[in-house]
Amino acid sequence: ESQLIDNPPQADVYMTGSDQGWGPVADGTYDSAYFLSFAKGRKVSYATSFDHTKITNELQEYYKKWLSSYDYISAREDNVVQILSNIGIDAEQVIDPTLMLDAMNWDKIVKPIKHKDYILVYQLHSDNRLNEYAQKVAAKTGKKIIRVSPLLHQIIRLGKFVWCPEVGAFLSYIKNAACVITDSFHGTAFSINFNVPFVDVFHNEINPRIMSILKLTGLTNRVLTDDQNVDLALEKIDFTQANAALVKERERCNKILASMIEGN
């Protein structure tokens, strides 16, 4: 932060963007640089997120101190909008930047992969429940499991391991899967965008980030509640409502983005 304060980048608009930008850093502390403490100009936020369902009084004061200096705030999740509202910070919910582009746009960078007829596991948390469910689905369907991850230690987990595929290949693994089994927000978001069947397996508790996009697209039934319900992964999904919701949200959020940048 001190280097940014001493030599701030020069810009007309400074923007905080997206995924958990206002959460703690690796050591559990908070860095005010992510709240644009160094910026000398217009400060805005597009789809910023944090991993909280509630915040302490101390953290409330921290957020109020730094976010009060923003000219416009939008957040990715409905619960973030509510938490900020509770401490007197106005925010509007918008969709994740990855959803601002439709599947046709993402198709432009999708790269071919050699694998076919597989179940894709994209797992962030160490949770054997997800592994066991994926194994049940694979056993019933006879399909192989492919696991993608940037974390090399996942090589010991269930499935054929693909380490850190480039973006085009990563998207292709999602797009061409028979089903995606995941605990990831972006695993969920890209599955919806590509209209690929998916199941969300939550780690310990409800994930507010994932639930927010599922509510927005009318797909909350894709959360695994019965670990024996293998048929959930085999169901065809009618994405009509989800696609219509995203078209509407893209139009709305593009206007918000333009307005906050232009200062209207």
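The values are calculated or read from the model by the stated rules, or taken from the named source; none is laboratory data. Everything numeric here is computed off the predicted structure, so don't read it as measured data. Backbone-built Cβ (ideal geometry, glycine too); neighbour counts: all protein chains shown. Note: areas computed on protein heavy atoms with side chains; ligands, DNA, RNA excluded. Shrake-Rupley method; radii C 1.70, N 1.55, O 1.52, S 1.80 Å.
Computed from the alpha carbon positions, the gyration tensor of the range 110-264 leads to an equivalent ellipsoid with semi-axes of 28, 18, 15 Å, biggest first. Accessible area per residue for the chain, computed on protein heavy atoms with a 1.4 Å probe, is 50 Å². What a 1.4 Å probe finds exposed on the chain is 51% carbon and sulfur by accessible area, rounded to a whole percent. For residue 255 and residue 141, the difference between the fully extended length at 0.36 nm per residue and the C-alpha to C-alpha distance is 36.6 nm. Every helix of 4 or more DSSP H residues in the chain counts as -39500 (n - 2.57), and over all residues that averages to -11000 deg cm²/dmol at 222 nm.
Neighbours of residue 29, meaning other residues whose beta-carbon lies under 14 angstrom from its beta-carbon, give a summed charge of -4 when Lys and Arg score +1 and Asp and Glu score -1.
Count Lys and Arg as plus one, Asp and Glu as minus one, and take only other residues whose Cβ is under 15 Å from that of residue 55; the net charge is then -1. The protection proxy used here, the mean number of other Cβ atoms lying within 10 Å of each residue, ranks peptides 148-157, 73-82 as follows, highest first: 73-82, 148-157. Accessible surface ranking for 167, 13, 196, 1.4 angstrom probe, highest first: 167, 13, 196. The string of couplings for the range 81-96 from the Karplus curve (6.51, -1.76, 1.60, θ = phi - 60°) is 4, 5, 4, 5, 4, 5, 10, x, 10, 7, 8, 10, 7, 9, 8, 4 Hz, one whole number per residue in order, with x for Gly and Pro. Summarised as an ellipsoid, the range 185-264 has semi-axes of 29, 15, 9 Å, derived from the eigenvalues of the Cα gyration tensor scaled by 5 and square-rooted, with the largest first.
With the convex hull drawn over the C-alpha atoms of the range 119-165, the volume per residue is 60 Å³.
A 1.4 Å probe, protein heavy atoms only, puts the accessible area of residue 124 near 90 Å².
Computed over the Cα atoms of the range 1-112, the ratio of the radius of gyration to the Kirkwood radius (Rg/Rh) comes to 1.02. With respect to the chain, whose longest principal axis is taken over its alpha-carbon atoms, helix 128-141 is tilted by about 40°. A viscosity of 0.692 mPa s and a temperature of 37 °C, combined with the Kirkwood radius over C-alpha pairs in the Stokes-Einstein formula, give the chain a diffusion coefficient of 165 µm²/s. Along the range 205-213 the Karplus relation, 6.51 cos²θ - 1.76 cosθ + 1.60 evaluated at θ = phi - 60°, assigns HN-Hα couplings of 8, 4, 8, x, 5, 6, 4, 4, 6 Hz to successive residues, with x for each Gly and Pro.
Other residues lying with their Cβ under 15 Å from the Cβ of residue 223 contribute a combined charge of -4, Lys and Arg counting +1, Asp and Glu -1. Rounded to the nearest 10 square angstrom, residue 15 shows an accessible area of 80 square angstrom against a 1.4 Å probe. Within the same chain, lysines fewer than 8 places from residue 108 are excluded, and of the rest, those with a Cα less than 25 Å from its Cα are 116, 175, 248, 255. Restricting attention to the chain, close to 0% of DSSP beta bridges with both partner residues there are antiparallel.
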